[in-house]
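Okay, so here's the structure we're looking at.
All of the numbers you see were taken from the coordinates with simple rules; none came from a lab. A quick note: this is a predicted structure, and the numbers were derived from the prediction, not measured. Here the Cβ positions follow ideal geometry from the backbone for every residue, glycine too, while neighbour counts run over all protein chains shown.
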């Protein structure tokens, strides 16, 4: 028996092979201990990998009995340091990746019930094999898990049409902080029999319960998907183009991404082989539009070309290309998805994942750009994002001739404050889709009302009074 | 000054004219004290009608200080006795109807911010004046308020496409049980900065906070709306027709209602002037389909007729009519909406508002019909509802030759138990869209897990430990 009584219990629960510790100094747990962006190096007491809901419940119960906190983890692709242990060596990482079964597929109900550790992309593929669409898509889909998507209410590129992860979830199974199992796995579109526990656990970042399974809403596969790239003269025109597209293309509009010229120039510079369409270089902003049509490709093409023609006539766009093939469409999306990587190639930068009312975006961008340029001459703005959802990745790159590391060290906090203060002034959110985690927990009180924080703290205290689950994340412990 | 100190305070807060009491025995408060279906006669200490959020907060604070409970009320059209006072004469009814301003309309963001007391229909009209659609529609829309819709997470006829009320709400303003104001009125599609307080208050039936305003999501008005009535040979075909329609019509499908022959026969008998299309009499089930198209009426007609043609070929329908005019479409909807009234004309009945996974509905209906017929020979089933959402109004009418009042007195509880037990066996909900209120609070523990009820009780205790807000509703007080 292991000398540490909790670890001995965890081994009894999950089996020797699935409880990893630092007993052997050669054991490398860094994949579970360090975060995706390498901003944090944690140290765990143990990493435990249960295979069933009952095992998860037993693990939480054992940890609670030993006053040891539990950090639930899926694919560990989060961006706000929310699913890795602190550096005390006292926290248990509860990895859900072995719980990766699709429990039940119900095509006539357009649902599937899946375990938390399923990789998002494998679920997209599973749905596709039934002729159905799981409309959640994001950069990390090849390694993130659906449990993590739910715990953080992930966004992505199809929110405009299908909503955030919470909007795709009809039911949940959750292990509470006391190690009880709540079986809320319904496949119902309507259920008004109590407080919406589902929405409370979704997006709570593992601080209220551990999501072990979910019933997800699927959609029929569209008959055709088309992508276009349009040059717009300014952000106000981009917002008007969105309105035009929403009216004329209605819910066939499944993507509406904006990309600033400097962001595209970085892709051009660092990934020259991607061949950006010429129009990028002569316009301050490009918009990537995607439509998904239930009828046919020819119908979709007529719809999209008509809408773009109307936009051209109205002066909202100056030029556009519609992808001729799936390969060309994929190439356009690849450009969009390469912006964060190109930015990393260019050097260190300050990232912001903000949202605003769509109507406020032109003024926000104009005023915040000007303020930043004023405070930090030569600063470069890598601005792109899900304009259809009002979600910008409004990132700040050091001046070209500056020492980027020094700039970050000296200016990151002040840049954040300047940007976030402006976000708040325009009625926005300082975290649109990435969440709070450890990274923003201390920043939150500046932007969230005392009443809201107090309600959150009361809920945390009601469901997890001993702070067993992911303590200090989302809410600073009081 | 009024001799009752709380009433004196309420008068100071809201003004003499807006605090109604039984001081004068001639005062009739029954509009606020009795419920919509006349199943309950309450007696209030006072009805107070504040005009602002600050007044609502002051009212709640005063009531809490006097250990007096507060029952929030909108249009008082609820069906589960959730917004009327008990009969002790000790509760204060907080009527929100004077808070009826549209605070802000933001067409470019597709949102409007409105006060809780706005009548739903007036908000539909307000949105329409901006060329926009508030896609929430239900029978009581001429008198229900948006605050009540939010507090009960109302459903209706467009849920299939646009979701329940909670899915149409981006932000909330709420007065807490302590009389604090939470200003969560954002117009954001994405905001991951904490627990989803909005979804917790929505559907909590005034037991956790008083909703005073909301930011609602709007949609562009469709270019054309078309309605059809189709005869289907059995419920399994109706479910397959839904799948076909969802695939071929995608999100243009905005309505999918099922109506049993007996339900339609009551409309035929009691409202002969409504002229049911002939097909109703020769088929066990009719389906009412509605599509809303962004292109044109001719495009919509081609889409709908093609889909119905495919369904006919596949044997899923035996006949169909597509409305030729808006008047004809309205007439078809009028038939659907007349079922509850025709049923009331026929006599007393036992109503159920249940939901099931769509795939389970054929077997549920077959087995439950058979069980009821077995236990109660001659019983008549008025079955209709929002099949697209898995929501049936599965109502039970006494045998034609029975004394309906006696039947209800003797059998209502047993009929409920039989139906609800079967609902649970098929993974359904005993309240799809009407809620819990007082009517189902005592029934809930039979169908909701102890873990879920415990989580709900913890949340209630955390946010309203003194049980100031709508005590005994939703959760039986422990």
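Would you mind calculating the relative contact order of region B:93-198 from Cα pairs under 8 angstrom and at least 6 residues apart, reporting the percent as a whole number?
Details: 142 pairs, mean separation 18.8, N = 106.
Over region B:93-198, the number comes to 18 percent.
I want to verify the translational diffusion coefficient of region B:418-478 in µm²/s; compute it with Stokes-Einstein, Rh as the Kirkwood radius over Cα pairs, at 4 °C and 1.567 mPa s.
Values: Rh = 12.5 Å.
In µm²/s, the coefficient is 104.
For region A:70-168, give me the percentage of DSSP beta bridges that are antiparallel, rounded to the nearest 5 percent.
Antiparallel bridges: around 55 percent, rounded to the nearest 5.
What percent do you get for the relative contact order of chain A when only Cα pairs under 8 Å and 6+ apart count?
Details: 979 pairs, mean separation 70.9, N = 478.
Across chain A, relative contact order equals 15 percent.
Percentage of Cα-Cα pair distances in region A:1-83 greater than 18 Å, rounded to whole percent? Could the numbers behind the result be given before it?
Details: 1486 of 3403 pairs.
Cα-Cα pairs of region A:1-83 separated by over 18 Å account for 44 percent.
Which of the peptides A:188-194, B:203-209, A:471-477 is most tightly packed, and how do the rest follow, going by the mean number of other Cβ atoms within 10 Å of each residue?
Details: A:188-194: 24.7, B:203-209: 26.6, A:471-477: 19.3.
The packing order, highest mean first, is B:203-209, A:188-194, A:471-477.
Taking every DSSP beta bridge with both residues inside the protein assembly as shown, roughly what % is antiparallel (nearest 5)? Spell out each step's value before the answer.
Numbers: 122 of 141 bridges.
Close to 85 percent.
Using alpha carbons only, how many degrees (0 to 90, rounded to 10) separate the axis of helix A:297-313 from the longest principal axis of chain A?
The angle comes out at about 60 degrees.
Taking the Cα centre of each part, how many Å lie between region A:1-61 and region A:460-478?
Using only Cα atoms, the two centres lie 21 Å from each other.
According to the Kirkwood expression over distinct Cα-Cα pairs, how big is the hydrodynamic radius of region A:104-211, in Å? Mind dumping the intermediate values first?
Working: mean 1/r = 0.0701 Å⁻¹.
About 14.3 Å, per the Kirkwood formula over Cα pairs.
Above 17 Å lies some portion of the pair distances; for region A:81-123, what is it as a whole percent of all C-alpha pairs?
On the way: 454 of 903 pairs.
The proportion of pairs with Cα distances above 17 Å equals 50 percent.
Tell me the angle of helix A:261-270 to the major Cα principal axis of chain A, expressed in degrees between 0 and 90 and rounded to the nearest ten.
So the inclination is approximately 70 degrees.
Quick check: the angle from helix B:404-425's long axis to the longest principal axis of chain B, C-alpha only, nearest 10 degrees?
Relative to chain B, helix B:404-425 is tipped by roughly 80 degrees.
With viscosity set to 1.306 mPa s at 10 °C, what whole-number translational diffusion coefficient in µm²/s follows for region A:243-333 from Stokes-Einstein and a Kirkwood radius over Cα pairs?
On the way: Rh = 14.1 Å.
The estimated diffusion coefficient comes to 113 µm²/s.
Please list the radius of gyration and Dmax for region B:102-163, considering alpha-carbon atoms only, with Å as the unit.
11.1, 30
Just to confirm the numbers: residue A:30, label point 7 angstrom along the Cα-Cβ line, distances to the other copies in nm, shortest first?
Ordered by increasing distance: 7.9 nm.
Dividing the convex hull volume of the Cα atoms of region A:43-111 by its residue count, what figure in Å³ per residue is obtained?
For region A:43-111, the hull spanned by Cα atoms encloses 109 Å³ per residue.
Per the Kirkwood formula on distinct C-alpha pairs, the Rh of region B:299-380 is how many angstrom?
Details: mean 1/r = 0.0609 Å⁻¹.
Kirkwood radius, region B:299-380: 16.4 Å.
Per q in 0.21 Å⁻¹, report the Debye log10 I(q)/I(0) for region A:34-180, using one uniform scatterer on each alpha carbon and no solvent.
-1.34
With 10 angstrom as the radius, rank B:4, B:334 by how many other C-beta atoms surround their C-beta, starting from the fewest. Don't jump to the answer; show the numbers that get you there.
Values: B:4 15, B:334 12.
By the 10 Å Cβ count, ascending: B:334, B:4.
Can you give me the C-alpha center-to-center distance between region A:63-115 and region B:112-130, rounded to a whole angstrom?
42
If packing is taken as the average number of other Cβ atoms within 10 Å across a peptide's residues, how do A:108-116, A:227-235 rank, most packed first? Walk me through the intermediate numbers first.
On the way: A:108-116: 23.8, A:227-235: 21.4.
Per-residue Cβ counts within 10 Å, averaged per peptide and sorted highest first, yield A:108-116, A:227-235.
Given label points at 7 Å from Cα along Cα→Cβ, what nm distances, shortest first, separate residue A:278 from the same residue in every other copy?
Between copies, matching label points for residue A:278 lie 6.5 nm apart.
Hey, what D do you get for the protein assembly as shown in µm²/s if you plug the Kirkwood alpha-carbon radius into Stokes-Einstein at 10 °C and 1.306 mPa s?
Reported coefficient: 54 µm²/s.
Given the alpha-carbon gyration tensor of chain B, what are the semi-axes of its equivalent ellipsoid in whole angstrom, ordered largest first, with each equal to the square root of 5 times an eigenvalue? Write down the numbers at each step before the final one.
Details: eigenvalues 305, 150, 82 Å².
They are 39, 27, 20 Å, listed from largest to smallest.
State the volume of the convex hull built on the alpha-carbon positions of region B:385-429, expressed per residue in Å³ and rounded to an integer.
Given the Cα convex hull of region B:385-429, per-residue volume reads 77 Å³.
State, to one decimal in nm, how far the label point of residue A:12 lies from the label point of residue B:425, with both points 7 Å from Cα in the Cβ direction.
4.0
Using only atoms on other chains, find how many Cβ atoms lie within 10 Å of each Cβ of peptide B:399-411 and report the average. Walk me through the intermediate numbers first.
Details: counts 0, 0, 0, 0, 0, 0, 0, 0, 0, 0, 0, 0, 0.
That average works out to 0.
Which percent, nearest 5, of DSSP beta bridges in chain B are antiparallel? Present the calculation step by step, with values, prior to reporting the outcome.
Working: 61 of 71 bridges.
Bridges in chain B are about 85 percent antiparallel.
Taking the alpha-carbon set of region A:314-428, what are its Rg and Dmax in Å?
Rg then Dmax for region A:314-428, in Å: 15.9, 47.
Given the DSSP H assignment, sum -39500 (n - 2.57) over each helix run of at least 4 residues in chain B and divide by its residue total; what's the result at 222 nm in deg cm²/dmol, nearest 500?
Details: 15 runs with 170 residues, N = 478.
That comes out to -11000 deg cm²/dmol.
Quick one: with label points 7 Å out along Cα→Cβ, list the inter-copy distances for residue B:183 in nm, shortest first?
For residue B:183, the other copies' label points sit at 4.6 nm, shortest first.
How long, wide and thick is region B:156-267, going by the Cα atoms along their three principal axes, in whole angstroms, largest first?
The principal-axis extents, from largest down, are 56, 32, 23 Å.
Just need the relative contact order of region A:225-354 here, percent rounded to a whole number, with Cα pairs under 8 Å and 6+ apart.
Working: 188 pairs, mean separation 54.1, N = 130.
Relative contact order comes out at 42 percent.
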